[in-house]
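The values are calculated or read from the model by the stated rules, or taken from the named source; none is laboratory data. It should be emphasised that the depicted structure is a prediction, and the values quoted were computed from it without experimental measurement. Here the Cβ positions follow ideal geometry from the backbone for every residue, glycine too, while neighbour counts run over all protein chains shown. These area figures cover heavy atoms from the full protein model, side chains too; ligands, DNA and RNA do not enter into them. Shrake-Rupley method; radii C 1.70, N 1.55, O 1.52, S 1.80 Å.
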Amino acid sequence: MNHAPFIWGSYAIATVVLLWTAVAPLISKKAAFKNIRTLNQAKEQSRDTNS
Amino acid sequence: MKTDKPRKNPLVMFIHKLGSPPWFYDFTGKFVPWLWAVFAALTIWGLYLGLIKAPPDYLQGESYRIMYIHVPAAWMSMMIYVLMAFMSFIALIWRIRTMEIMAMNSAPIGAAFTLIALATGSLWGRPTWGTYWVWDARLTSELVLLFLYLGVIGLYKAMDEPRKAARAASLLALVGLVNLPIIHFSVKWWNTLHQGSSISMTGSKIDASMLWPLLIMAIAMKFYYGANLITRSRVTLLEQDLRKGWTRDVAKDAARERNS
């Protein structure tokens, strides 16, 4: 039996899962910064209109 | 006149500081690049030794090389659960928010390692046992561990109020601890297809040329967990404190760094 597909398959699965687990919070971080900026812009705009 | 103020224990002081979101965000952020760098260096070294330098096994041939990802992932799946339960316990007793966040962010990382352990174990099982899956005590209890992680993640995401959700999920994490001795001792308590432990506190049945890459990979995965946990916890703090002043400063600093 050729063992190579099982070995490379294992490392491929591990790479994909570990990469996704590492990248997912970076995507969330980008979204969180965007939300913070949007909130601050809205706050500044409402302050300008009130003054 | 001087009064002798009682000196606080440095560990207690550190835990108090860790409870402050801006301090936690700032302090832990310094470690993240180093943790990733050590993880990368150890992984490259471990894989080089394990996949290139180590000789084939006399019985299993080349297929045993799956061990260098399967075994560290399986160890991590259990270690992360213990840490998650420990942090959940502290969070429940002392109500430290950063601890709740770290416990809850351990769950997806633990689930990822459990998934890897199950998938790679299945791929190792085909050439070794002749089957991808059997309802063996070790395999089944590891699958239960995956469901426990998914349960913690699901419960945490199911509630709108994150602190209430973390408390409920922490309780589930603590209850699930009962599965860990079952996983560990399953190969002793039942007649399983899965082999017994090759490494124990007293020694190892594995040749040094094959053992070292395994230990290096196991240490590398701990750095992965540390880097990933800190990254996730910092993002959760940002998400939960969107309207607070410190996150505005952090966002401004990040934008300034990006533009410079």
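Observations on the structure shown:
- Selection from the stretch B:228-240 of residues that are at the interface with chain A (Cβ under 8 Å from one of its Cβ atoms) and not polar (S, T, N, Q): B:ARG232, B:ARG234, B:VAL235, B:LEU238, B:GLU239
- The one condition in (1) more than 14 Å from chain A (Cβ to nearest Cβ); (2) open to solvent by 40 Å² or more (accessible area, probe 1.4 Å); (3) within 21 Å of the chain's Cα centre (by Cα) that B:ASP160 fails to fulfil: (3)
- Inspection of the stretch B:108-116 finds a residue satisfying the criterion of being touching a helix residue (DSSP H, G or I) at 6+ places or on another chain (Cβ under 8 Å), at pLDDT 95 or above and more than 9 Å from chain A (Cβ to nearest Cβ).
- Given (1) over 30 Å from A:LEU19 (Cβ atoms); (2) touching a helix residue (DSSP H, G or I) at 6+ places or on another chain (Cβ under 6 Å); (3) not aromatic (Phe, Trp, Tyr), index of the condition B:ILE153 fails: (1)
- Scanning the stretch B:204-214 for residues that are within 14 Å of chain A (Cβ to nearest Cβ), part of a helix (DSSP H, G or I) and in contact (Cβ under 8 Å) with a residue 40 or more places away in the chain turns up at least one hit.
- Residues satisfying the stated conditions in the stretch B:21-45, i.e. of a type outside the set (A, V, I, L, M, F, W, C) and touching a residue at least 40 places away in the same chain (Cβ under 8 Å): B:PRO21, B:PRO22, B:TYR25, B:THR28, B:GLY29, B:THR43
- For the stretch A:5-18, the condition of being touching a strand residue (DSSP E or B) at 6+ places or on another chain (Cβ under 9 Å) and open to solvent by less than 80 Å² (accessible area, probe 1.4 Å) holds for none of the residues.
- In the stretch B:51-94, the residues that are closer than 17 Å to B:SER106 by Cβ and within 9 Å of chain A (Cβ to nearest Cβ): B:ALA73
- Just one residue in the set B:THR98, B:THR128, B:THR120, B:THR140 is modelled with pLDDT under 95 and either open to solvent by less than 20 Å² (accessible area, probe 1.4 Å) or more than 10 Å from chain A (Cβ to nearest Cβ) (or both); that residue is B:THR98.
- Flag if A:ILE7 is hydrophobic (A, V, I, L, M, F, W, C), assigned to a helix (DSSP H, G or I), without any contact (Cβ under 8 Å) to a residue 12 or more places away in the chain and within 7 Å of chain B (Cβ to nearest Cβ): yes
- All conditions in (1) open to solvent by 60 Å² or more (accessible area, probe 1.4 Å); (2) over 28 Å from B:THR43 (Cα atoms) hold for B:GLY245, with the sole exception of (1).
- Scanning the stretch A:19-46 for residues that are surrounded by 13 or more Cβ atoms within 10 Å (Cβ to Cβ) and either of a type in the set (Val, Ile, Thr) or facing chain B (nearest Cβ under 7 Å) (or both) turns up A:THR21, A:ALA22, A:PRO25, A:SER28, A:LYS29, A:ALA32, A:PHE33, A:ASN35, A:ILE36, A:ARG37, A:LEU39, A:ASN40.
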